[in-house]
Each structure stands twice: as structure tokens, then as C-alpha cells.
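*Asks:* One structure, as C-alpha cells, below. Some questions next.
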Amino acid sequence: MAGVMDKVNQLTELVGQNRMELLLFRLSGLSQRYGINVFKVREVLPCPRLTVMPRLHQFVIGVAHIRGNTLSVIDLAYAIGGRPTKNYEKCYIIIAEYNRSTHAFLVSNVERIINMNWNKIMPPPKGAGHSNYMTAVTEVDDELIEILDVEKILDEITPIGNDLESDAIKRLTVPQGTRVLVADDSKIALKQVKRALTEIGVDVIEAHDGKEALTLLNELASNGHSIKDTLSLIISDVEMPEMDGYTLCANIRNSPHLRDLYVILHTSLSGVFNQSMVSKAGANDFIPKFNPEELAAAVEKGLDLVCNGVSGADCVMKSKRS
């Protein structure tokens, strides 16, 4: 397994090139192969001894004590609708970071890492419905690979509350008619962001990947008016099928009609945030998922700059958020 994880250190070379590396794995009782972006992965280990605790969620099979940390172990097969996994001792755990916290996912086998272009990663079939756990699909060796919407799984186990009751948010006001484009391939993440922004009076335009977002932006800019008269700013995920957030941002900066837009990158890749690549792509700000107060504050900051006539291209992120 060490050979698989040796490649993780090479990941920063991929950011900004619309490329990603996918860790392929299998789940007990399911014939399908699955994938997870290696950027999320910290470690892959044979399943350690588990301690069963009272009142755990049904998908959490126990806790593991790893390098001084206590992690809940989620049976990924069971969580996406399969049968509970048996014979844990023959399985592996993928330790990954999502939304500022570390999680352990039980899988039956880990295969290999593949390097892919995001344009080979496709959105789920339109008929997949709301009950599926796919955020994207791709094809490897003539076999369909499902990329799981882990944010949806985690939200079902421990829902993230949109706490909009803080004094900071209550004091926040946005100009009437504020419109923000939000691009995210996770239905759960998109719903969370939309609810938070709607609560503070923002009109949200949705896009489900970077390519769709760029198409919408070009359509909005095609009427001959300044894009800033139509749209206040953009909030984009980084990991998205067909076109990632870095590439979307680079396309915006390279377009004379779009380059003035203020762009906030909003991603669950908080543990591997690459400041230099965010600046290189041309983003104005970065916030990890998901904290409604931080999101609202970042939007307020961006709107203040926009309202004062500052161009997004002229205030590209130069230093890490404090």
C-alpha cells in the first residue's frame, strides 16, 4: 500500500492543469469500482482494531485509534445502500479530509492511482435521481467508475447546520439585486451554499460544474453589457467534472469580458490548500467548506470591493486568509 500512497506527494504538480489523480477502490458486496480524489486522501491502512461505542450511527462500525487520533470508521458500502461489510480484518480504511475534519472509510480493497484530465470526468447520468451517491463518473479499462459524493454521505451521518443566527451574520446587509453564481458538483454543498446566501438576501444562479458555469458566464456577458452589471461575484468549488475550479478561474481571467469578476474558491480540500496555485489561477479569495459565517463574511468582503469599483483581476489573492 505504501507504493500507492507514495504518489500523493506529487499532487501539487497537477493543480491548475485541469488534471486530477483518482484512487480506485472496491466495496464489499458491490461489483462496481469507485474512486476518490487523492487530494482528499491522507493515508490508506489495513483496517485496524475497532472499538464499538454506544449510540453510533448505523453506518459507523466503530472507532479506530490511529497516531494519537480517534477516528470514526464509516462502512462506505453500507452508507451508499449496500449490505453491511463483514470480515473487517480483511478490509482497508481510507483516511481522508473533508470539510475541515478527518474521516475513515472502510473499503474492501484499494487498487491503484490513475492520472486523469477533468474533462474525462463526467457528471452523473441525468436520470440518476436524487437518491444516488455519485458526484461524477468516468471510464477506466472499459469499466464505469463512480466518484462518490462523500459530502452527501457525511451530511446524512452528521448533518451540517446552516447556523445563521450569529451577530456577525445578523449585521450583514447586501445591496438589493445582488446576484452570485455558485458552481459545485455536490448537490448537498450547492444546497448549503444557496440556503446561506439566500438567507442574507443574495439571488443565486446555480451551475453544477466548471464547464456549465463558464457557459452561463459567457451567455450573461453576450448582451454587450459589463458582466459586473449582471453578476456580483462567483463562488466556485475546486473539484468538478469536465472543468475544475482552477481552470474555470483561469478562463475567467483570460476573457476580456469576464476578467473583472471577483472569484471565491470554496472547497473541501482545506487540508491541502495550495496558495500559490490559487493565486496563479487568479482567484481573489479561498474559504474551506463549510461555515456559513465565514462564507457570508467572504461574500461581504468581495461585495465591498466590487461596489467600490475594484476589478477582480486587480485584486487577485496574494496571501493566505488569516
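*Asks:* Pick out the one residue from VAL238, VAL180 that is touching a strand residue (DSSP E or B) at 6+ places or on another chain (Cβ under 6 Å) and surrounded by 24 or more Cβ atoms within 10 Å (Cβ to Cβ). Spell out the reasoning first.
*Replies:* Values: VAL180 fails: surrounded by 24 or more Cβ atoms within 10 Å (Cβ to Cβ).
Result of the check over VAL238, VAL180: VAL238.
*Asks:* Please enumerate the residues belonging to the range 14-30 that are assigned to a loop (DSSP other than H, G, I, E, B) and modelled with pLDDT under 90.
*Replies:* So the first thing to find is which residues in the range 14-30 are assigned to a loop (DSSP other than H, G, I, E, B), and the list is 14-18, 27-30.
Result: LEU14, VAL15, GLY16, GLN17, ASN18.
*Asks:* Mind counting the residues in the range 80-98 that are under 14 Å from PHE25 (Cβ atoms) and either in a loop (DSSP other than H, G, I, E, B) or under 22 Å from the mean Cα position of the chain (by Cα) (or both)?
*Replies:* So the answer is 8.
*Asks:* Is at least one residue of the range 247-267 assigned to a helix (DSSP H, G or I), at pLDDT below 85 and either open to solvent by less than 20 Å² (accessible area, probe 1.4 Å) or touching a His at 6+ places or on another chain (Cβ under 9 Å) (or both)? First the steps, then the outcome.
*Replies:* First pass over the range 247-267, keeping only residues assigned to a helix (DSSP H, G or I): 247-254.
Going one step further and asking which of them are at pLDDT below 85, we end up with none.
No, the range 247-267 contains no residue that is assigned to a helix (DSSP H, G or I), at pLDDT below 85 and either open to solvent by less than 20 Å² (accessible area, probe 1.4 Å) or touching a His at 6+ places or on another chain (Cβ under 9 Å) (or both).
*Asks:* Residues to consider are GLU165, GLU146; find the one that is open to solvent by 30 Å² or more (accessible area, probe 1.4 Å) and at pLDDT 85 or above. Steps first, answer last, please.
*Replies:* Working: GLU165 fails: at pLDDT 85 or above.
Every option except GLU146 fails the conditions.
*Asks:* Could you look through the range 49-65, keep only residues that are assigned to a loop (DSSP other than H, G, I, E, B) and open to solvent by 40 Å² or more (accessible area, probe 1.4 Å), and pick out the one that is nearest to TYR78 (Cα to Cα)? Let's see the steps before the verdict.
*Replies:* If we filter the range 49-65 for residues that are assigned to a loop (DSSP other than H, G, I, E, B), which is where we start, we get 49-50, 52-59.
Still in the running and open to solvent by 40 Å² or more (accessible area, probe 1.4 Å): 49, 52-58.
On the way: ARG49: 19, VAL52: 17, MET53: 18, PRO54: 19, ARG55: 17, LEU56: 14, HIS57: 11, GLN58: 9 Å.
Only one residue fits best here, namely GLN58.
*Asks:* Oh, and also: For the subset of the range 31-48 comprising residues that are within 21 Å of TYR246 (Cβ to Cβ) and outside any strand (DSSP E or B), which member is modelled with the highest pLDDT?
*Replies:* My answer is VAL38.
*Asks:* If a residue must be under 15 Å from VAL41 (Cβ atoms) and assigned to a strand (DSSP E or B), how many such residues does the range 144-158 contain?
*Replies:* The total comes to 2.
*Asks:* Out of curiosity, is LEU305 part of a loop (DSSP other than H, G, I, E, B), modelled with pLDDT of 85 or more and among the hydrophobic types (A, V, I, L, M, F, W, C)? Quick ask: steps written out before the conclusion?
*Replies:* Values: part of a loop (DSSP other than H, G, I, E, B): no; modelled with pLDDT of 85 or more: yes; among the hydrophobic types (A, V, I, L, M, F, W, C): yes.
Spelling it out, it is not the case that LEU305 is part of a loop (DSSP other than H, G, I, E, B), modelled with pLDDT of 85 or more and among the hydrophobic types (A, V, I, L, M, F, W, C).
*Asks:* Which of the residues belonging to the range 35-74 are touching a helix residue (DSSP H, G or I) at 6+ places or on another chain (Cβ under 8 Å) and touching a residue at least 60 places away in the same chain (Cβ under 8 Å)?
*Replies:* ILE36, VAL38, PHE39, LYS40, ARG42, VAL44, HIS57, PHE59, VAL60, ILE74
*Asks:* Could you count how many residues in the range 186-200 are surrounded by fewer than 17 Cβ atoms within 10 Å (Cβ to Cβ) and in contact (Cβ under 8 Å) with a residue 12 or more places away in the chain? Spell out the reasoning first.
*Replies:* Step one: filter the range 186-200 for residues surrounded by fewer than 17 Cβ atoms within 10 Å (Cβ to Cβ), giving 191, 195, 198-199.
When the remaining residues are screened for being in contact (Cβ under 8 Å) with a residue 12 or more places away in the chain, the result is 195, 199.
So the answer is 2.
*Asks:* Return the residues of the range 201-218 that are of a type in the set (D, E, K, R) and either over 17 Å from the mean Cα position of the chain (by Cα) or surrounded by fewer than 17 Cβ atoms within 10 Å (Cβ to Cβ) (or both); say none if nothing qualifies.
*Replies:* Of the residues in the range 201-218, the ones of a type in the set (D, E, K, R) are 203, 206, 209, 211-212.
Scanning the range 201-218 gives ASP203, GLU206.
*Asks:* A further question on this structure: Pick from the range 168-183 the residues that are outside any loop (DSSP other than H, G, I, E, B) and either at pLDDT below 85 or under 21 Å from the mean Cα position of the chain (by Cα) (or both): which of them is nearest to ILE80 (Cα to Cα)? Show your work before the answer.
*Replies:* Restricting attention to the range 168-183, the residues satisfying the condition of being outside any loop (DSSP other than H, G, I, E, B) are 168-170, 179-183.
With either at pLDDT below 85 or under 21 Å from the mean Cα position of the chain (by Cα) (or both) added as a condition, the list becomes 168-170, 180-183.
Details: ALA168: 37, ILE169: 35, LYS170: 37, VAL180: 32, LEU181: 30, VAL182: 26, ALA183: 24 Å.
Checking each candidate, the answer is ALA183.
*Asks:* For the range 184-243, which positions are under 20 Å from LYS152 (Cα atoms) and in a loop (DSSP other than H, G, I, E, B)?
*Replies:* Taking the range 184-243 as the starting set, the residues that turn out to be under 20 Å from LYS152 (Cα atoms) are 184-197, 206-210, 235-241.
Scanning the range 184-243 gives ASP184, ASP185, SER186, HIS208, ASP209, ASP237, VAL238, GLU239, MET240, PRO241.
*Asks:* Then there is this: What number of residues within the range 66-79 satisfy the criterion of being open to solvent by 80 Å² or more (accessible area, probe 1.4 Å) and outside any loop (DSSP other than H, G, I, E, B)? Walk me through it before giving the result.
*Replies:* Narrowing the range 66-79 to residues open to solvent by 80 Å² or more (accessible area, probe 1.4 Å): 67-70.
With the extra rule that they be outside any loop (DSSP other than H, G, I, E, B), the set shrinks to 69-70.
So the answer is 2.
*Asks:* Also: So, in the range 99-149, how many residues would count as being on the phi > 0 side of the Ramachandran plot, of a type in the set (D, E, K, R) and within 18 Å of the chain's Cα centre (by Cα)?
*Replies:* Result for the range 99-149: 1.
The values are calculated or read from the model by the stated rules, or taken from the named source; none is laboratory data. Only a predicted model underlies this, so the values are computations on that prediction, with no experimental measurement involved. Ideal geometry is used to build each Cβ from the backbone, glycine not excepted, and the neighbour counts take in all protein chains shown. Remember, those area values only see protein heavy atoms, side chains included, never the ligands or the DNA or RNA. Shrake-Rupley method; radii C 1.70, N 1.55, O 1.52, S 1.80 Å.
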